[in-house]
Structures are given as C-alpha cells and as structure tokens.
Amino acid sequence: MLRTSTRTFASPAQLRAVGFAFQRLYSNLPLSVPITLPNGITYDQPTGLFINNEFVPSKQGKTFAVLNPSTEEEITHIYESREDDVDIAVEAALKAFNSDWNTQDPSFRGRVLYKLADLVEENLELLAGIESLDNGKALASARGDVGLVANYLRSCAGWADKIKGSVVETGDTHYTYIRREPLGVCGQIIPWNFPLLMWSWKIGPALATGNTVVLKTAESTPLSALFASKLCVEAGIPAGVINIVSGFGKITGEAIASHQKIKKVAFTGSTATGRHIMKTAADSNLKKVTLELGGKSPNIVFADANIKQTVQNIIQGIYYNSGEVCSAGSRLYVQDTIYDELLAAFKEAAENLKVGNPFEEGVFQGAQTSQMQLDKILGYVDIGKSEGATLVTGGERLGNKGYFVRPTIFADVKEDMRIVKEEIFGPIITVSKFSTVDEVVKKANDSQYGLAAGIHSSDVNKVHDVARRLQAGTVWVNTYNDFHPLVPFGGFGESGIGREMGAEALDNYTQYKAIRIKITKTQT
C-alpha cells in the first residue's frame, strides 16, 4: 500500500495489479519532494500545479504516479489537474494578459527570456538528469536537449522587440497601418518524447509575442517542466504568464482545447489526437490551431554518398532519443549499387550501439518511455515478421527490467507493409533498394505524412533536384535530426499545420489588425 508519512510506495507490479485508477486516489501530497538522481544530484521536485507563479494542489486533490522507464520504479506522485483547475489557470493567464505584460516595452519580455535561458544553462546538468530519469533517454541526448532549450529561448528573446507592423500606402485620403498583436491566452499541449524542448518550443514564441500560456505536460513526463517553472519565477516572468497543469489528455487536454477563453491551442503529438483537437477547437470558439504531428520520414542514400558518414547519419536519424522522434528517418532507401555494402556497415554499427542505463556514460540509446510504447514497438516487430520482412538485427527486448529494445533493422520490405506505412515511434527502421531518382522520389512521397526527409549524396545538382521534389517540411542533406532555432520545423500533409521555431513560429501567436484613418485636407 501507499503510505504518505514514510513515503514508501507499492512496487510497480502491485500498482499495475490494483489498476491505475487506484494510483489516482492518493492525496495530501506535499508540494515538493526531495529526489536523488542516479548521478548523485539531489534536488526538490515540485509536485503541484503551477498557477500564478505558485505551486498549488489540484482542487480535487487527486494525484498520479510518475515512473522511471529505466527501472519501472516509481519516482513520485504529481497532482492531477481537472477542468476546474484549467479554469483557474485560464483566469490567471487572462488577468496577466490584461495587465501590462503585452503592452509594455517588448524589450522587457526579451530580458526575462534571456534570463530564463541563462538559468536553464546554469542548471543544465540537473535538468538533463531530470529528463533522463523521467523519460528514459540517454543522458548525452538529454544534455543536448537542454542546450537546445537555452539556445531557443535566447532566439525568442531576440525576436521580442522585433515584432513589427507596417504602414500601407493607399494614397493621401487615408493613413493606413497594420499592427501585429498577441492573441491572448494560449493553450499548449506537449508530448513525452522531448518534454523540456517542447516546453521551450511552445512558451518561447508565445511569450516573445506578448501572449500568456496554460500548458499541459504529458502525463508520463511532467517533471522537467514543473522544475523549470521555478526558473521562470527566478527569471522575473510575472505571475500568471506561464501556468503548468499536469494531467491527462481526455480531461485536461480536452478542457484546454474546448475552453472558450483560450484563443489558440498548440499541440504536438499523434495525428489522430491532432485531428480531434482541431475539431474540438472548431466546435468551441474557432480558436487558432497549430499542430506538429506524426511522421514516417524517408532517408535516401545515393551511390555517391560517403558510406561511413552516412551510416552515422542514419543512426542519428532512427536511434537518437530511442527512436521516439516524430521526424525519425524510419524508411531507408539505398541505391542498389551500394545496397549490400551499406546494409552490412549499418548492421554492424547498430549492433555496436550502447543501449541501457541512460546515466551510464557512453550509452546512446536509453529506455522507451513507457510500457505501452515498449509493447507497441515489439508488436510491430511481430507484424514485420508476419508480413514477410527480413529481420536483419534486433527486434527484441533487452533485459527484463526497464523498457529497453535492441536497435532493429528490417530489410526485404514492400511498400504496402504496415511497418513501412505506419509510424512506430521506436528504434525500428525498414530498408529498401532503388535504382533511379524518379523511383525513389515516388516511393518517398508515397505517404500520408510529410514531416521530414534525408538525402545523402555528394552531387549538389542531384541534392537540389531531389530536395525540391520531396513533399516534406524539412529536408536534411548529409545530416539528420539537425535542428537550429532559426530554422522553421513542421510538416506537410497529415504531419501538421504551422511551424515551430524561426520567424515563422511567431505567426502562430500573432494576429493582424488593420487601422485605416480617413484624412480630411485642411483648407489653405
């Protein structure tokens, strides 16, 4: 049983046996708990909802368990928000928006975002440890994430005082100008694969443009965003500007998407959920919607590519972050004249990847984030085998504790196989051969998704031609999963609407107001 006073908890097996609903009955949780990370760092982890610059319990006092995917052991409980908590957070955000947050000198917003970026950087090792503990990703990957967070917040800070309107020349009878104004309260729903990075991708442009935020963390990975909320206060971000509500999609997410006082919703996650959120937003108040959704991205290798470097790019494209990346290069197309050579080199490299405890130095691939994701990945291994694909390597769980999967390669696949068509969101790649440019472009574009693509070639003419013809929001050439804060990221087709990062992200959080003044000429 769970005992509050001594902070001893039931085992994961016991928790699963009694059911998840029982976990959510636990209450009277302190608003922060001490946690010692596997690398020896001890810190105070907030457990409450973050509303109006304070950590508070949820109104109903319900909580849910957060598990360590590397050990399957419980880390702590977190307060669970419901509809009434979302209402309170929205009111706090609306009050902050109607203060001088969005009307004062924009350089103030820039200064607090710069300060927040500095604090993130100062706490890099701690934040990376929290991410690895909560998500299961390798510590090296988590450090990279935190570095990207700091860089992106600085980029947003730089935009804060550069949101410009314009004057439109319409003749001497009128003076016409256009203002870019914030939307108001923005609802944001982030996924579990990059908890802190997605937090920054959402709050950065929203705050830079003068909006306020109610953000829902993923239920399996709420810890880093809650800890970062402490840094927001220290950075000087006013009360109510950022509000964090931990909870579940069907309750908290639904409340955000349908809320009449929320003017925009941004969601990162599955295409199916994105479609539902878009419908809900339309049925409520026609709030603005941006969606960064699924992908099944092609990664194309031409015969003139550098095989050694390309293999490393392929690994970065599919096994980085345990394969839990929406833009993962999960469909590999290799030109027939180098197919056997590249596949052999790739197989060897995949089998030599270090998989395991994310806090162990040298580990490239950590744990999958949840039991559900582990089961889904292993289920697709069975599907691939039943469809007749050749399992080149991997395809099995590693160990019997923690959600670890060996890097997996399927060859001899057909384009209509489920493992080729469907997003798996794990360390599984399919390999096909091709002969001509036209053939591979047709195969690459034969997908409902269009998030990203990769090209590996030393022929600049071929690169430009193929990149132009690929139906994808991002095309990486001789690299993969290579992000920069000034480069917009988003998808074609069912991979989403709108863009993250770059100047384009600011469009998601502003609206245009035209002001037209009739001028009466003075008599001389």
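The values are calculated or read from the model by the stated rules, or taken from the named source; none is laboratory data. None of these values were measured; they are calculated from a predicted model. Positions of Cβ are backbone-derived with ideal geometry, glycine not excepted, and every protein chain shown enters the neighbour counts.
List of remarks:
- Odd one out for Val66 among (1) within 25 Å of the chain's Cα centre (by Cα); (2) over 30 Å from Gly399 (Cα atoms); (3) crowded, with 19+ Cβ neighbours inside 10 Å: (2)
- Check on Gly426, surrounded by fewer than 23 Cβ atoms within 10 Å (Cβ to Cβ), in contact with a Ser or Thr (Cβ under 8 Å, 6 or more places away or on another chain) and either outside any loop (DSSP other than H, G, I, E, B) or modelled with pLDDT of 95 or more (or both): no
- Index of the failed condition, Asp172 passing every other in (1) touching a residue at least 12 places away in the same chain (Cβ under 8 Å); (2) assigned to a helix (DSSP H, G or I): (2)
- Qualifying residue in segment 496-503 (condition: among the aliphatic types (A, V, I, L, M), within 30 Å of Tyr152 (Cα to Cα) and assigned to a helix (DSSP H, G or I)): yes
- Where Asn400 falls short, out of the listed (1) free of Cβ contacts under 8 Å to residues at least 12 places away in the same chain; (2) outside any loop (DSSP other than H, G, I, E, B): (2)
- Among the candidates Lys261, Lys279, Lys287, Lys250, residue that is buried (at least 23 other Cβ atoms within 10 Å of the Cβ), under 24 Å from Lys202 (Cβ atoms) and among the basic types (Lys, Arg): Lys287
- Long-range neighbours under 7 Å by Cβ, at least six apart or interchain, first residue touching a residue at least 60 places away in the same chain (Cβ under 8 Å) within segment 299-310, second of a type in the set (Phe, Trp, Tyr) and part of a loop (DSSP other than H, G, I, E, B): Asn299/Tyr480
- Gly366 being in contact with a helix residue (DSSP H, G or I) (Cβ under 6 Å, 6 or more places away or on another chain), farther than 23 Å from Ala344 by Cβ and touching a residue at least 40 places away in the same chain (Cβ under 8 Å): yes
- Of all the listed residues (Ala472, Ala503, Ala453), the sole one being among the small types (Gly, Ala, Ser), surrounded by fewer than 16 Cβ atoms within 10 Å (Cβ to Cβ) and within 20 Å of the chain's Cα centre (by Cα) is Ala503.
- From the list Ser229, Ser224, Ser220, the one residue that fits, being touching a Ser or Thr at 6+ places or on another chain (Cβ under 7 Å), touching a residue at least 12 places away in the same chain (Cβ under 8 Å), in the same structural domain as Ala117 (by TED's automatic domain parsing) and not charged (D, E, K, R), is Ser220.
- Failed criterion for Tyr333 (all others in (1) of a type in the set (Ser, Thr, Tyr); (2) surrounded by 16 or more Cβ atoms within 10 Å (Cβ to Cβ); (3) out of contact with any Phe, Trp or Tyr (no Cβ under 8 Å at 6 or more places or on another chain); (4) over 20 Å from Gly395 (Cβ atoms) hold): (3)
- Looking only at segment 290-310, and only at residues there that are more than 18 Å from the chain's Cα centre (by Cα) and among the small types (Gly, Ala, Ser), the one that is surrounded by the fewest Cβ atoms within 10 Å (Cβ to Cβ): Ala303
- Residue count for segment 365-389 satisfying the condition of being touching a Pro at 6+ places or on another chain (Cβ under 9 Å) and assigned to a loop (DSSP other than H, G, I, E, B): 5.
- Taking first residues from segment 97-109 that are touching a residue at least 24 places away in the same chain (Cβ under 8 Å) and partners that are of a type in the set (Asp, Glu), the Cβ contacts under 7 Å between residues at least 6 apart in sequence or on separate chains come to Pro106/Asp161; Ser107/Asp161.
- For segment 175-228, a residue qualifies if it is small (Gly, Ala, Ser), under 19 Å from Leu506 (Cβ atoms) and not in a strand (DSSP E or B), and the qualifying residues are Gly184, Ser200, Gly204, Ala206, Ala208, Gly210.
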